[in-house]
Amino acid sequence: MTNKELADTFALVADLLEIKGEIIYKTLAYRKAAESLTSLGRDVKDIWKEGGQKALLDIPGVGKAIAEKIEELLKTGKLEYLEKVKKEVPPELATLLQIPDLGPKKVGMFYKKLGILTIDQLKEAAQQQKLRELPGMGEKSEAKILAGIESLGRRSGRLLLGHLLPFAQELLASVRIMPGVKAAELAGSLRRMCHTVGDIAYWWLPENRKMSLLVSRLPPTWHASRAKAQ
């Protein structure tokens, strides 16, 4: 697992904790760790191999709890704590935080009041003038959200996670039932729940154990072309 993958994981934890309304120092701890790992000049895996969990404590912003979680991620590729948080807060909600001027409290309110999980659902609710009726909202703030969504859509080369994730999950389900496939999971930006996605990546394990783990990728334009054809 790379420094960026570790940082993305901790950033996602921080986003979900913010939406949940967790006490601020917990959120800041994960945010600080993500920023530190992003700017670190060395590969975290090398630091860990050389000195174990104790060596990780020398990284700025990394305390005992974060060091334990880094070690867990390096060993297993997964974080049990993140999976626990995902059961309380749908991870899709983190994608809404990329919209300008939209904070975690409003994201949580939209989910609780209107069941909004994705950017597409938020856009539809705004177009139907449902957001302005909520506490702390109005016509102007609703319009700002629509403008923010439109600005995100103009990013070139990548697609928003909220747009691509439902299709990627549908594709993954199809891969899992293909003959010769023992197991499959999303990979890359989709697995890390990054705000934008450059391709549809997933790993799959063939039933033939002589073959190694394989990773397949599709460009996001493939999904866009398919959507237009439907």
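Overview of values
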item: Condition met for K69 (modelled with pLDDT of 95 or more and assigned to a helix (DSSP H, G or I)); result: yes
item: Any chance I66 is touching a residue at least 40 places away in the same chain (Cβ under 8 Å) and over 15 Å from T2 (Cα atoms); result: yes
item: Residue, farthest from the chain's Cα centre (by Cα), within region 177-194, restricted to residues that are closer than 20 Å to K78 by Cα and surrounded by fewer than 17 Cβ atoms within 10 Å (Cβ to Cβ); result: K182
item: Test result for A229, over 17 Å from the mean Cα position of the chain (by Cα), exposed (fewer than 14 other Cβ atoms within 10 Å of the Cβ) and at pLDDT below 55; result: yes
item: Helices (runs of 4 or more DSSP H) wholly inside region 1-63 that include at least 1 residues being within 22 Å of P90 (Cα to Cα) and in contact (Cβ under 8 Å) with a residue 60 or more places away in the chain; result: 3-20
item: Of the criteria (1) under 21 Å from L190 (Cα atoms); (2) surrounded by 17 or more Cβ atoms within 10 Å (Cβ to Cβ); (3) of a type outside the set (S, T, N, Q); (4) modelled with pLDDT under 90, which one G77 fails; result: (2)
item: Criterion violated by G21 - all others in (1) more than 16 Å from the chain's Cα centre (by Cα); (2) modelled with pLDDT of 90 or more satisfied; result: (2)
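Listed here are the residues, each with its yes/no results for (1) touching a helix residue (DSSP H, G or I) at 6+ places or on another chain (Cβ under 9 Å); (2) loosely packed, with under 15 Cβ neighbours inside 10 Å; (3) of a type in the set (D, E).
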site: A34; (1), (2), (3): yes, no, no
site: E83; (1), (2), (3): no, yes, yes
site: L93; (1), (2), (3): yes, no, no
site: P100; (1), (2), (3): yes, yes, no
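Conditions (1) β-branched (V, I, T); (2) surrounded by fewer than 17 Cβ atoms within 10 Å (Cβ to Cβ); (3) farther than 25 Å from L186 by Cα, marked per residue:
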site	(1), (2), (3)
E72	no, yes, no
V89	yes, no, no
G103	no, yes, yes
L122	no, no, no
K130	no, no, yes
M137	no, no, yes
A143	no, yes, yes
A147	no, yes, yes
E150	no, yes, yes
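The values are calculated or read from the model by the stated rules, or taken from the named source; none is laboratory data. A quick note: this is a predicted structure, and the numbers were derived from the prediction, not measured. Don't worry about glycine lacking a Cβ; one is built from the backbone with ideal geometry, like all the others, and counts go over all protein chains shown.
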